[in-house]
Amino acid sequence: QFPLGRRLPCDIYWHGVSFHDNDIFSGQVNKFPGMTEMVRKITLSRAVRTMQDLFPLEYNFYPRSWILPEEFPLFVAEVRMMKEGDPSWKPTFIVKPDGGCQGDGIYLIKDPSDIRLVGNIQSRPAVVQEYICKPLLVDKLKFDIRLYVLLKSLEPLEIYIAKDGLSRFCTEPYQEPTLKNLHQVFMHLTNYSLNIHSGNFIHSDSVNTGSKRTFSSILCRLSSRGADVKKLWSDIISLVIKTIIALTPELKVYYQSDIPAGKPGPTCFQILGFDILLMKNLKPMLLEVNANPSMRIEHEQERSPGVFENVPSPVDEEVKVAVIRDTLRLVDPQKKKRKDTQFLIIKHFFMCYRCQTLEHVSEELNKELLEAGPSDRADYDTTKSPEAALPSLCLKQVFPKYAKQFNYLRLVDRVAALFIRFLGVKGTTKLGPTGFRTFIRNCKLSNSNFSMASVDILYIDITRRWNSVGIDHKESGMCLQAFVEAFFCLAQKKYKSLPLHEQVALLIDFCEYHLAALDEKRLVCGRG
């Protein structure tokens, strides 16, 4: 560990919280700039909603959501309208603070009037979602799935999913929400950090029992009941790819801001924690995405009254060690150079989780490497293939492997490329009025029915509205979400009577055609 930084460059930097933990200019870092912001509940909901506007059927794996406090009147009106249309509809809603984690501040309500608007809702925005009342139960208990996903690269997009995950159980038998049981968190909320404080929480040395189990053990159980486990996995893979496709446009804006093209900088990768709930019919629903999933492989246990001790958790160890080990194998930039020490490095990396400091691990590793004689080093010799001594990869590539099935969804990615092109100043994330006018002019979008004065009005109206809802105020100008809204508006004006995704696709093609022609013209002029 280097709390004060390190002068010599490294191949891989492992940051604890975010990309900005340290200033680095080379190698690889295990965090993407902007990821923490992108997976916050409000930002994730907005990103998925944009995709739901384009492809409602493909993005029906995310519960209907409203953002508080700005959409509270809309929430009240839509719930009233739905109840009037179906008097038998008796919904439950779950309120999640935007920056909350580990179940902090989450509560259930039956009616919009029950939202705790007094006090901190203005200072602590939240997302309210339709609560999934009919989850799949195992042993009469509600549970969710934590799956680990490696985003190895943004450009080109490369995604891996761990073949196993964790199933985290509630600790009280599930009943559908009523006014009497709404406050029973051990029945409704699957968060490990909450349920561990329940007297019913079971620490188990088996991956098949207890309050935390492997996902594979649940799949085996479902398979024995005749469930189509292959289809379930296919649906989960689809959910993960579609969610990351929703996140990548804005991630690219953050990326070019922190690591401008043509300047020295690291490449990035990141392990994400996807929290997924299975409905009774085995349909997977996305609950949230975690930018910093816990990688602890031990838990606190009371050995005697008032005496606690960290003890190994076999379930966590089985899943998480494989995820980190194989992430390092996949991103290792100098495999060929360091094959003779790779096995040792991976072996000692996991000692970190059992030692109080990384310094001890470093000393042990250096000692073993320095003191090993020729015969001892044979264990790690490349001729004996240290890779062969490791288990097969637990991380399965799903993109670009299945790119052909999902590339049609990447419309907002192409819109973001247009946005980045016209940002002008490197390192910025917002488009100024001049940049927006240049975009309109270069793409030949103005005409007698849409003058440049109308362009300015569109820019001002949309930018002002987005800036009023708490989007980053560090820079002035139009953020990507505002540009996407403006682009959708232009597409609807230009191509009437078509579905939105077709309108947007046609306008993207139109813009890309004119920009390619402009680039070709500049190239010819440059040669001249």
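Of the labelled figures [x] 1.39; [y] 1.07; [z] 1.17, only one reflects Cα Rg over 2.2 N^0.38 Å as derived from the coordinates, namely [y].
Along each principal axis, taking the top coordinate minus the bottom one, the Cα set of region 410-526 gives 43, 39, 31 Å in descending order. With Cα atoms defining each centre, region 396-467 and region 9-82 are spaced 19 Å apart in the structure. Projecting the Cα atoms of Leu423, Leu411, Trp466 onto the charge dipole of region 410-526, computed from C-beta unit charges around the Cα centre, puts Leu423 farthest toward the positive end. Take region 410-526 with all the other protein chains still there, run a 1.4 Å probe, and you get 52 Å² of accessible area per residue. Amide H contacts for Tyr131 (H built 1.01 Å from N in the peptide plane; partners 5 or more residues away or on another chain; cut-off under 5 Å): Thr92, Phe93, Ile94.
Using a 1.4 Å probe on the protein chains only, how many percent of the accessible area of the chain belongs to carbon and sulfur? Before the final figure, lay out the partial values.
Numbers: 14320 of 26410 Å².
Of all accessible area on the chain, carbon and sulfur atoms account for 54 percent.
Taking amide hydrogens as placed 1.01 Å from N in the peptide plane, the amide H of Lys396 sits under 5 Å from those of Ile161, Ala162, Lys163, each at least 5 positions away in sequence or on another chain.
Give the accessible surface of region 1-158 per residue, rounded to a whole number of Å², with probe radius 1.4 Å and ligands, DNA and RNA excluded. Provide the component values of the computation, followed by the final result.
Details: 7640 Å² over 158 residues.
Per-residue accessible area for region 1-158 comes out at 48 Å².
Remark: relative contact order (the chain) = 15 percent; criterion is Cα-Cα distance under 8 angstrom and separation of 6 or more residues.
The values are calculated or read from the model by the stated rules, or taken from the named source; none is laboratory data. Note that this is a predicted model, so its numbers are computed, not measured. Glycine also receives a Cβ, built like all others from the backbone with ideal geometry; neighbour counts cover every protein chain displayed. Ligands, DNA and RNA are excluded from the accessible area calculation, which covers all protein heavy atoms including side chains. Shrake-Rupley method; radii C 1.70, N 1.55, O 1.52, S 1.80 Å.
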